[in-house]
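Written below as C-alpha cells is the structure these notes are about.
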Amino acid sequence: EAKGLPVQIYYHQQGHGGPPPMKMMNRWFTRFLYDVENGVEKEPKAWIVRENQPNSNPVSYANYPNPAASDVKLSLGNGGNNYGKLTTEKAQKQPTEKLTDDVSFSGSDLAKAEKSDHRLLYVSPVLKEAVHISGLAKIKVKLASSKPATNFSVWLVALPWSEGKEVKLMDNVITRGWADPQNYKSLTKSAPLTPGKFYELSFDLQPDDQIIPAGKQIALMIFSSDKEFTLWPKAGTEISIDLNGTQLTLPIVGGSSAYEKATK
C-alpha cells in the first residue's frame, strides 16, 4: 500500500491456513490476472472474520487498522499482585510493585490466579458495552531487575478467564509482547543491567483486531519469563515496576469516548 499498489487484507480467527472465501479470491484474480474491470480495487481494504463466525462470513472495514480507532492511554493503580487498576485517570504518586520470576507457572496460570508473587495484574472496570481494539497496543514501562539480565513479558487478557473444550485462545488472550531489558537502548546491541537501577522500555504488542464483549474486563499482565516464548532461567529474579513511569496505550475504535462509555 505504501508503494501505491492495490491491496486487500483478510484476517480470520483460526491458526495456520484459512483462505478467504472463493468469491473474494475470484474477484481479485479476475481483476489482476485477467484484467477484467470489476471494481474490486474500490472495495473495502480489510476483511475480518469476527469472533465465533465462520471464515466464509468476513466483515468489511475501510482499512486495517480501523480508521476509526485512536489511542487511549491507561495508567496503572497499585495492587498488582492481586488486582490493581487499569484506568484513564493518572493517579498520584504510586508505590513501586514487584514480582519474582518463576517459569514453572504458565501465562494462563498467572492470569487465572487471584493472587501471585510472580505476576502483576491491572484490570479495567467490567465492560458495560463491547470494546473494539484495532491496531497496535503499546507499552511504556519503567523497571528494575535484581540481576544483570531478565526476561520481560506482557499479556493483555480478557477476564474472567474462560475454560472449556470450545474455548479458543483469543477468548482469553487479546494480544501480547516481549522485550529484553538489556536492549533498552538498542534493538541490535545489548548491555548488562545494573541491579536495582530503573530503565525505561517502550515496545509494541502484537497487532490485533478484536471485539471484547460486555461483561469482560481488559487486564494488563506483567511478568518475566513466558513459558511459551522466552528462555527458561532459574527462578528468583525480582523485577520492580515503577507504576508512575508505566503506561498502556490501546487503539480503540471510537477512542476515549467509546472506552469511557463502556467502563463508566
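Percent of C-alpha pairs per 5 Å bin in segment 69-263, short distances first: 1, 8, 17, 22, 21, 16, 9, 4, 1, 0. Between 0 and 90 degrees, the angle of helix 22-32 with respect to the longest Cα principal axis of the chain falls at about 70 degrees. Between Asn63, Asn52, Asn82, the GNM of the chain built on Cα springs shorter than 10 angstrom shows Asn52 fluctuating the most. Between Ala62 and Trp161, the FRET efficiency from the beta-carbon distance, with R0 = 30 Å, is close to 0.35. For the pair Ser146 and Lys197 in one chain, pulling the backbone fully straight at 0.36 nm per residue adds 17.5 nm over the alpha carbon distance.
Amide H contacts for Ala69 (H built 1.01 Å from N in the peptide plane; partners 5 or more residues away or on another chain; cut-off under 5 Å): Gly254. Phi-derived couplings, Karplus 6.51 cos²θ - 1.76 cosθ + 1.60 at θ = phi - 60°, listed residue by residue for segment 160-169: x, 5, 8, 9, x, 5, 8, 6, 9, 3 Hz, with x used for Gly and Pro. Beta bridges assigned by DSSP with both partners in the chain are antiparallel in approximately 90 percent of cases. Neighbour counts of other Cβ atoms within 10 Å put Lys3, Lys23 in the fewest-to-most order Lys3, Lys23. Among Gln247, Gln210, Gln13, the residue with the largest mean-square fluctuation in a Gaussian network model of the chain, with springs joining Cα atoms closer than 10 Å, is Gln13. A simple spin-label model places the labels of Lys264 and Glu89 1.2 nm from each other, with each point 7 Å out along Cα-to-Cβ.
Taking θ as phi - 60° and the Karplus parameters 6.51, -1.76 and 1.60, the scalar couplings of segment 176-187 work out to 7, x, 9, 8, 9, x, 5, 9, 5, 9, 8, 6 Hz in sequence order, x denoting glycine and proline. Backbone amide hydrogens, once placed in the peptide plane, bring Phe152 within less than 5 Å of Ala179, excluding anything fewer than 5 places away on its chain.
Across segment 228-264, the residues whose backbone nitrogen lies under 16 Å from the label position 7 Å along the beta-carbon direction of Asp180 are 229-233. When you filter the chymotrypsin sites (Phe, Trp or Tyr not before Pro) in segment 162-264 for DSSP loop state and at most 12 other Cβ atoms inside 10 Å of their Cβ, you are left with Phe229. Karplus-based coupling profile of segment 105-113, in residue order and whole Hz: 9, 6, x, 5, 4, 5, 5, 7, 5, with θ = phi - 60° in 6.51 cos²θ - 1.76 cosθ + 1.60 and x standing for Gly or Pro. Residues whose amide H comes within less than 5 Å of that of Arg50, counting only those at least five positions distant or on another chain, are Val59 (H built at 1.01 Å from N in the peptide plane). Cross-link check: pairs Lys73/Lys227; Lys140/Lys189; Lys3/Lys23; Lys45/Lys138; Lys165/Lys216; Lys112/Lys147 evaluated at a Cα-Cα cut-off of 22 Å; pairs beyond the cut-off: Lys73/Lys227; Lys3/Lys23; Lys45/Lys138; Lys112/Lys147. How far is the Cα center of segment 155-193 from the Cα center of segment 23-47, in Å? Cα centres, segment 155-193 to segment 23-47: 36 Å. For segment 9-61, the Kirkwood estimate of the hydrodynamic radius, built from every pair of different alpha carbons, is 11.8 Å. Assuming charge only on the beta carbon of Lys and Arg (+1) and of Asp and Glu (-1), the dipole of the chain about its Cα centre is about 400 debye to the nearest 20.
Only the coordinates and a few stated rules stand behind these numbers; no lab work does. In this text, all values refer to a predicted model and were calculated from it rather than measured experimentally. Note: ideal-geometry Cβ built from the backbone for every residue, glycine included; neighbour counts use all protein chains shown.
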